[in-house]
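The values are calculated or read from the model by the stated rules, or taken from the named source; none is laboratory data. Note that the structure is a prediction, hence the values are computed from the model and not measured. Cβ sites come from the backbone with ideal geometry, for glycine too, and all protein chains shown count toward neighbours. Note: areas computed on protein heavy atoms with side chains; ligands, DNA, RNA excluded. Shrake-Rupley method; radii C 1.70, N 1.55, O 1.52, S 1.80 Å.
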Amino acid sequence: SEPRYYDICRQVAVLLDGLIKPKKYFLSLDELRMCGSCETCKARGASVAQLAGECVARQRDIIKAINPEAEIFVWSDMFDPHHNAPGSYNKGKYFYHVDGTFEGSWNYLPKDVIPVCWYSEVCDKSLAHFSGQGFRTLGSSSGNLDTARKWLKSLDATPNAMGIMYTTWNENFDILSQF
């Protein structure tokens, strides 16, 4: 909710466009901590689901104003009812100091933003959720080739799935060439 944040986003997007003219942008809004906890957010009276979705929408609008052809990706977890956005998630408790849940957050995402699903244990459900909402999707696999093969099978069965990217959280590049 802090206006200065979006001024900084705009400055960074202008710099990136001037330096490398990216065709794709990746917004790193995953595992949100303390969302909605500052006085500026609380004063708005919006749900954390609305705050998260509007944050993505505002960044999308900034990027599209600079580069209308850009594709924009975002981690899916905070917008996925099968991951970190179910209404039952820690009901009555804080999710990393977030007062509320992210239930319905996907309703605030612009349909041209591409959710990147990364939780392999629920990949079928996650991909189906976003596809059913009209989104294109991308899978993200790390760890081992069996997990990547599982993702590929799920992606093949998902309308509007774009493909898969290799992601490592622990600098595991041993299988990258096979991937």
If I compute solvent accessible area with a 1.4 Å probe over the protein chains, what percent of it on the chain is carbon and sulfur? 52
Taking a 27 Å limit on the Cα-Cα distance, which of the listed pairs LYS21/LYS125; LYS21/LYS42; LYS24/LYS153; LYS21/LYS111; LYS24/LYS125 fall beyond it? LYS21/LYS125; LYS21/LYS42
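What dipole magnitude, in Debye to the nearest 20, does region 11-147 give about its Cα centre under +1 on Lys/Arg Cβ and -1 on Asp/Glu Cβ?
300
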So, how do all the Cα-to-Cα distances of the chain break down into 10 Å bins, in percent, from 0 on up? 10, 34, 35, 20, 2, 0
Computed on Cα atoms, Rg of region 112-168 relative to 2.2 N^0.38 Å comes out at 0.99
Round to the nearest 10 and report in Å² the accessible area of TYR108, as given by a 1.4 Å probe over the protein chains' heavy atoms. 90
Volume of the Cα convex hull of region 63-154, divided per residue and given in Å³: 125
